[in-house]
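Some notes on the structure that comes next.
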Amino acid sequence: MKKIMIILVLFLFLIGCEQINPNPEPTDPCIINPDDETCDQLPYDEDIDQQIQEFLFEMSLEEKVGQMVQAERSSVTPTDVSTYYIGSILSGGGSHPTAFNDSADVWYQMVYDYQYAAMNSGANIPLIYGTDAVHGHNNLYGATIFPHNIGLGAANDPELVYEISKATAKEMLTTGITWNFAPALSIVQNIGWGRSYEGYSENPEIFESLTQSAIKGYEENGVSATAKHYLADGATTNGIDQGDVNLSEQTLRDIYLLPYIEAIEAGVDTVMISYSSINGVKMHEQAYWIQDVLKDELGFEGFVVSDWNAIQQLSGSYQEQVAKSINAGVDMLMEPYTWRDAIEAIKTNVEANIISMDRINDAVSRIIRVKLESGLFDNPYAREDTAVLYSDEHQALAREAVRRGLVLLKNDNQSLPLEKNESIYLTGTASDHVGYMSGGWTTYWQGNTSADIGVGTSIKNAITNVLNENSGQIVNNINDAQTVVVVLSELPYSEGVGDNQILTLTGGNADPNNLNALNIAQQAHQNGKNVVGILISGRPLLLGDYLQYFDSFVAAWLPGSEGGLGIADVIFGDYDFTGKLSYTWPKSIAYVGYNSNREDYDENLVQFPYGYGLTYA
Ligand code: GLC
């Protein structure tokens, strides 16, 4: 009898599952506890395709179109979300709820309010909130700031990259944000490009090693990742941001498509289209590369999002721009401020049969699929405990990443490692500036040029700590110093602001104070001091005749909040250098763009070749 009862109860339960309402009433926020992954909502039934078909059947055109538009938080309210059935909202670089130092609670409340509106309107489809957490949750004051990708490429350790993505995902979830516009899969061919530091390398083999880890670290820890910017964003002529790529289809397939094949294999949820064009045709209207190659040939099942206002660079009226991009295979329009116009334009195009309902249903089903598979329906209010923010574990991980990304380019006369009881004279703006060490996409879109970003240890403070513990000292008079440490840097920049055809230590985006620091290095060298150079930059820079004044020289890239500690760990010898150049270091402006993808790559023509890096051992 008992067995029959159990079967009966099970049968009733299963029937209950079949009848489950895909549009549940909202529940209280569900905190994910480490020991308890469940929430008080019933898990959805497994047949996702069935659910998607039910949504498509039930949803109005307005509800479908709302899913295909992403608004910027500064231009949309929770009421708008309810009225227009908005499916996604983003924070652009530096777009905080109220102020740059808002707490995670303030962020979470903002996201919760949007989400509550979404769950209480239309088809009750949860909102997906996106942001650029490209080196930690870098919009959030107090988040761990990891090294930018150029340093991770020099470290080239998949495990490390996975752990950094995982840590970033957890810090994002303290604010309820479940979509990261990362990793950039930019295979950078010309370091004149302002986004060089967002790429791991010039060479696809580094992406072969790191792409899957970067993506799985997000997607296995509650955050949807974005493979960006499709296709060949790093291959524009002369590295011009949003420029033109003049390459054959075979070259595009042999080099630039490879990371996207890796990304799809890793199960990436979204792909962002590049502003750039290929052979004169803007990527955002390239139906061949988006629909035919990415979706049909490679089998990408997630959704494609346009870049910020990017469709407005297409020719024609706004309605035509919307039609071209969506008919090329873009599923969601990142139209931060013109999202109402985007909604109207999509509807007008559908009513005029310029965009088919099949295309609309394909886009909406892809978006809903990602939301179902990522767990958003099961956990629309998911939140990670704020104890993970800048935790000891995350600080240690970031510090290790700094160490592993440093590249020792020169070390004559055993200049390094330093003794911990030395007298050291330190100079250079970036020697005492966590903002400069973090670079672009930190607190603000163009980075933070004030020293306080809420976390971190400067190079000066880290070195001072070591010396103080070992009866060494920082001296204010250079004549009292055995070693002179000269920190050179670029000013923080993002995207086109960093486009630079000068690339010297004293021009382009270089910190103007570098000239003074270089003069000090020259004098110190002539006075027989041990001169150590540390370069904080988003790319290799032309060293010209200055290298001769340094006994040792370290490429530190953009190491982030733990830059000071990681650098001190290595220059005092607690750890050896392990980093290898993932970018060719050119000798002159004429050889910028000359890199290891060439068949005839000649290492004698460059300052330091791809793969170069000294060690103490
Ligand atoms: C920017 C960038 C892109 C970023 C997006 C949202 O212009 O091109 O990488 O994800 O807009 O901030």
Selection from 86, 346, 377 lying farthest towards where the dipole of the range 2-387 points positive, charges on Cβ | 346
For the range 226-359, just the Cα atoms, rotate onto the principal axes and tell me the three extents in Å, largest first.
-> 41, 31, 23
For an R0 of 25 angstrom, estimate the FRET efficiency from the Cβ-Cβ distance between residue 480 and residue 574 and round to the nearest 0.05.
-> 0.50
Toy charge model, Lys and Arg Cβ at +1, Asp and Glu Cβ at -1: the range 184-263 dipole around Cα centroid in debye, rounded to 20, equals 120 debye
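How big is D for the range 325-367, in µm² s⁻¹ as a whole number, if Stokes-Einstein is applied with the Kirkwood radius of its Cα pairs at 37 °C and 0.692 mPa s?
Numbers: Rh = 10.6 Å.
Stokes-Einstein gives a translational diffusion coefficient of 310 µm²/s.
For the chain, report the accessible area per residue in Å² (1.4 Å probe, heavy atoms, rounded to an integer). Before the final figure, lay out each step's value.
Numbers: 22400 Å² over 617 residues.
That works out to 36 Å² per residue.
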Cα-based Rg and Dmax for the chain, where Dmax is the largest Cα-Cα distance (Å) | 25.6, 97
Excluding same-chain residues fewer than 8 positions from residue 529, which lysines have a Cα within less than 29 Å of its Cα?
-> 410, 420, 460, 580, 587
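I need to check one value: relative contact order of the range 291-392, counting alpha carbon pairs closer than 8 Å and at least 6 residues apart, in percent.
On the way: 77 pairs, mean separation 27.6, N = 102.
Here the relative contact order equals 27 percent.
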Given a 1.4 Å probe and every protein chain left where it sits, what share in percent of the accessible area of the chain is carbon and sulfur?
-> 49 percent
For the range 586-617 versus the range 264-322, the gap between their alpha-carbon centres in whole angstrom | 33 Å
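Dipole size in debye (nearest 20) for the range 391-605 around its Cα centre, Lys and Arg Cβ +1, Asp and Glu Cβ -1? Before the final figure, lay out the partial values.
Values: 11 positive and 24 negative charges, 45 e Å.
Around 220 debye, computed over the range 391-605.
Mean separation of Cα pairs under 8 Å and 6+ residues apart, divided by the residue count of the range 238-365: what relative contact order is that in percent? If you can, show how the numbers build up before the last one.
On the way: 150 pairs, mean separation 27.8, N = 128.
Worked out over the range 238-365, it gives 22 percent.
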Collect residues whose amide H, placed 1.01 Å from N in the peptide plane, falls under 5 Å from the amide H of residue 608; neighbours closer than 5 in sequence don't count.
-> 585
Using a simple charge model, +1 on the beta-carbon of Lys and Arg, -1 on the beta-carbon of Asp and Glu, nothing else, what dipole does the chain show about its Cα centre, in debye to the nearest 20?
-> 1180 debye
For the range 391-605, alpha-carbon Rg relative to the globular expectation (2.2 N^0.38 Å, N residues) | 0.99
Relative contact order (%) - criterion: Cα under 8 Å, at least six apart; region: the chain = 17 percent
With the dipole of the chain defined by +1 on each Lys or Arg Cβ and -1 on each Asp or Glu Cβ, the option from 252, 183, 447 whose Cα lies farthest towards the positive pole is 447
Under 28 Å from the Cα of residue 347 - lysines, other chains or at least 8 residues apart = 64, 228, 282, 295, 324, 371
Extending each Cα 7 Å along its Cβ direction at residue 527 and residue 601, get the distance between those two points in nm, one decimal.
-> 4.2 nm
Between the residues 547, 281, 325, the Cα farthest towards the positive end of the dipole of the chain, that dipole coming from +1 and -1 charges on the beta-carbon of Lys, Arg, Asp and Glu, is from 547
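Counting GluC sites (Glu not before Pro) as exposed when in a DSSP loop with at most 13 other beta carbons within 10 Å, what is the longest stretch of the chain free of them? Let's see the in-between values first.
Values: sites that count: 37, 46, 599.
That would be 47-598.
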Are there trypsin sites (Lys or Arg not before Pro) in the range 552-617 that DSSP puts in a loop and that have at most 15 other Cβ atoms within 10 Å, and which ones?
-> 598
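The values are calculated or read from the model by the stated rules, or taken from the named source; none is laboratory data. Being a predicted model, the structure only gives us computed values, none of them experimental. Backbone-built Cβ (ideal geometry, glycine too); neighbour counts: all protein chains shown. Surface accessibility is based on the protein's heavy atoms, side chains included, excluding ligands, DNA and RNA. Shrake-Rupley method; radii C 1.70, N 1.55, O 1.52, S 1.80 Å.
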